[in-house]
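Here's the structure, in structure tokens; my notes come after.
The values are calculated or read from the model by the stated rules, or taken from the named source; none is laboratory data. Model, not experiment: these values are computed from the prediction. Cβ: placed from backbone, ideal geometry, glycine included. Neighbour counts: every protein chain shown. Surface accessibility is based on the protein's heavy atoms, side chains included, excluding ligands, DNA and RNA. Shrake-Rupley method; radii C 1.70, N 1.55, O 1.52, S 1.80 Å.
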Amino acid sequence: MNLLFVTPELAGYAKAGGLADVSAALPRALRDRGVDARILMPFYGARPDWRPALDVVARLDGMAEIPPCELAVTETPEGLPAFFIVCPGLYERPGTPYTDLSRQDWPDNDIRFARLALTAVQIITGEANTAWRPDLIHANDWPCGLCSGYLKWRQVPAPCLFTVHNLAYQGLVDVSRMPAVGIPPSAFSMHGVEFYGRVSFVKAGLYYADHVTTVSPNYAREITTEEFGSGLHGLLRALTESGRLTGILNGAGEDWTPQTDPRLIRNYPPRVRQGKQRNAVWLRETAGLENGNRPLFVMVSRLVHQKGVDLALAAVETIVAGGGQFFLLGEGEPGLESLARATAAQFPGSAAVMIAFDETLSRRTIAASDFYLMPSRFEPCGLNQMYAERYGSLPIAHATGGLVDSIRDGETGFLFSGATPGALRAAIVRALKVYVRPGRITGMSKAAMGQDFSWAPAAARYEQIYKSLPAR
Ligand code: ADP
Ligand code: GLC
């Protein structure tokens, strides 16, 4: 089976969040099962540590306002076979895959990601004339939402699976942009791309795909409700009823293993306590936290409303009053960044914040910590709670989405109901009580580390679904 895995993000190259990690790990796990999975993504430019030899194999036509591009074959920095779309005018800019340096969405994101979806379709139809041809497309999140739409509108009988990683990001554009990205007028309907008078890329993905998955069983249920469905719960319920919506829990990539992670100050096991302490000494020194043997609560996150960063900051007082320390690594909304700085300033030596996106620091932080805070208001899957468990740190998490599917309350972490400061504080108090019982915390930490978060079961489920799609 030849699979084209279409994504805007890839760990080790262009990462904004968890989709990057999934895009690096899932295709690899599929390859281990014998699926010939190849990635398709934009070429955002070379990186200091990655200057690939791009072998241009095709020049692809544009459509409407979508410019022509080149298609290059190479390997990802981690050695996965991949197609990169070379279109410097669209992609080679300083910033993230979605935003400029001041975190504003690129104004031409509709064209940028229409180019991505269109390329996938040109590859599967043979227009790109590539030696390797996919049997199906696996499209991810709103930037790939138009893949299934273009297939339907062009009457290409090729299967497409669409995965929702986060329904809150929808790719909404004005109706006037439809001709620019080549969406036919007839698609502007409730049974199509229309969403409250605008055009929704994510709805295109949901509506036209042969099957939809999302990244945990619990989130798959939640998004059929008004509370979590972001206005799309009706469509999602219909998909569930016709057996076309499935929740598959993400895994944690093999590179997230404390025994071998080359970025840690010290690896572990076997000496878990010592290993974690050594990383903690480094982190305390780096972050400006007092040295000493105090329970360390951390968080590594995009600073956005979803993640409940404000709730965590409101609970720092409880952590410090209980003898603990707090460290936050993250960047995002300016308001949350300044709230984080202000909170840390109130507890010098006991609370610290670093506003940055730093992969090495994120791994050391998780390794150093005793407890990992994840008070997300909603969380499709969440990867950091799994990484925390792998690294022997106990997650303290709101019982929502994938957090429920990956944390066993009182065994591998702590779950609380209701995203409120009070509920989080009560969970922190529970954690502090466990901390003072060495046998208990070591036991929980071992149970957490012993969980199997390998990607293999998820890859098997995806393969099953690929095989169930109508063949071309
Ligand atoms: P989401 O995709 O919603 O941001 P996930 O938990 O699925 O949430 O994945 C987040 C990923 O991004 C994790 O790998 C996490 O470590 C990483 N990450 C988030 N913020 C930072 C940061 N400031 N520095 C380094 N890594 C970060
Ligand atoms: C999204 C979600 C996160 C999930 C990730 C990977 O960014 O917010 O919960 O883990 O995608 O699927």
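What is the angle, in °, between the Cα long axis of helix 18-32 and the longest principal axis of the Cα atoms in the chain? Nearest 10 is fine, range 0 to 90. That works out to roughly 70 degrees.
Placing unit charges on the Cβ atoms of the charged side chains and taking the dipole of region 272-449 about its Cα centre, the candidate lying farthest along the positive direction among Leu339, Ala447, Gly323 is Ala447. Assuming charge only on the beta carbon of Lys and Arg (+1) and of Asp and Glu (-1), the dipole of the chain about its Cα centre is about 1180 debye to the nearest 20.
Taking 4.7 Å between beta carbons as the limit, the unpaired Cys residues of the chain are Cys144, Cys147, Cys160, Cys381.
Reported to the nearest whole Å, the Cα centre-to-centre distance from region 344-408 to region 93-108 is 26.
Think of the chain as having a plus end and a minus end, set by charges on the Cβ of Lys, Arg, Asp and Glu; of Ala16, Thr365, Pro67, Thr365 sits farthest toward the positive end of this dipole. Hey, what angle do you get for helix 359-368 against the long axis of the chain, alpha-carbon based, 0 to 90 degrees rounded to 10? Its long axis makes an angle of about 40 degrees. Among the listed pairs Lys307/Lys433; Lys276/Lys307; Lys15/Lys307; Lys15/Lys446; Lys152/Lys467, those whose Cα-Cα separation exceeds 23 Å are Lys307/Lys433; Lys276/Lys307; Lys15/Lys446. Peptide packing for 169-176, 224-231, 386-393 was compared via the average number of neighbouring C-beta atoms within 10 Å per residue; ordered from the highest value, the list is 386-393, 169-176, 224-231.
Take the chain with all the other protein chains still there, run a 1.4 Å probe, and you get 38 Å² of accessible area per residue.
Classify region 272-449 as rounded, prolate or oblate, taking a ≥ b ≥ c as the square roots of the eigenvalues of its Cα gyration tensor: rounded when a/c is under 1.5, otherwise prolate if a/b is larger than b/c and oblate if not.
On the way: a/c = 1.34, a/b = 1.05, b/c = 1.27.
Rounded shape, in that the Cα axes give a/c under 1.5.
Positive-end ranking of Thr125, His398, Ala427 along the dipole of the chain, with charges on Cβ about the Cα centre, is headed by Ala427. Solvent-accessible area of region 250-371 (1.4 angstrom probe, protein heavy atoms only): carbon and sulfur portion equals 51 percent.
Using only side-chain charges placed at the Cβ, +1 for Lys and Arg and -1 for Asp and Glu, the dipole size of region 272-449 relative to its Cα centre rounds to 660 debye.
Taking Cα centre as origin and charging only the Cβ of basic (Lys, Arg, +1) and acidic (Asp, Glu, -1) residues, the dipole magnitude of region 416-472 rounds to 200 debye. Of all DSSP-defined beta bridges confined to the chain, some 30% are antiparallel rather than parallel. Which far-off residues, 5 or more places away or on another chain, put their amide H under 5 Å from the one on Glu331, with H placed in the peptide plane? Amide H to amide H, under 5 Å and 5 or more residues apart or across chains, Glu331 pairs with Ser301, Leu303, Ala356. Once the Cα atoms are used to define both axes, helix 421-435 deviates from the longest principal axis of the chain by about 60 degrees.
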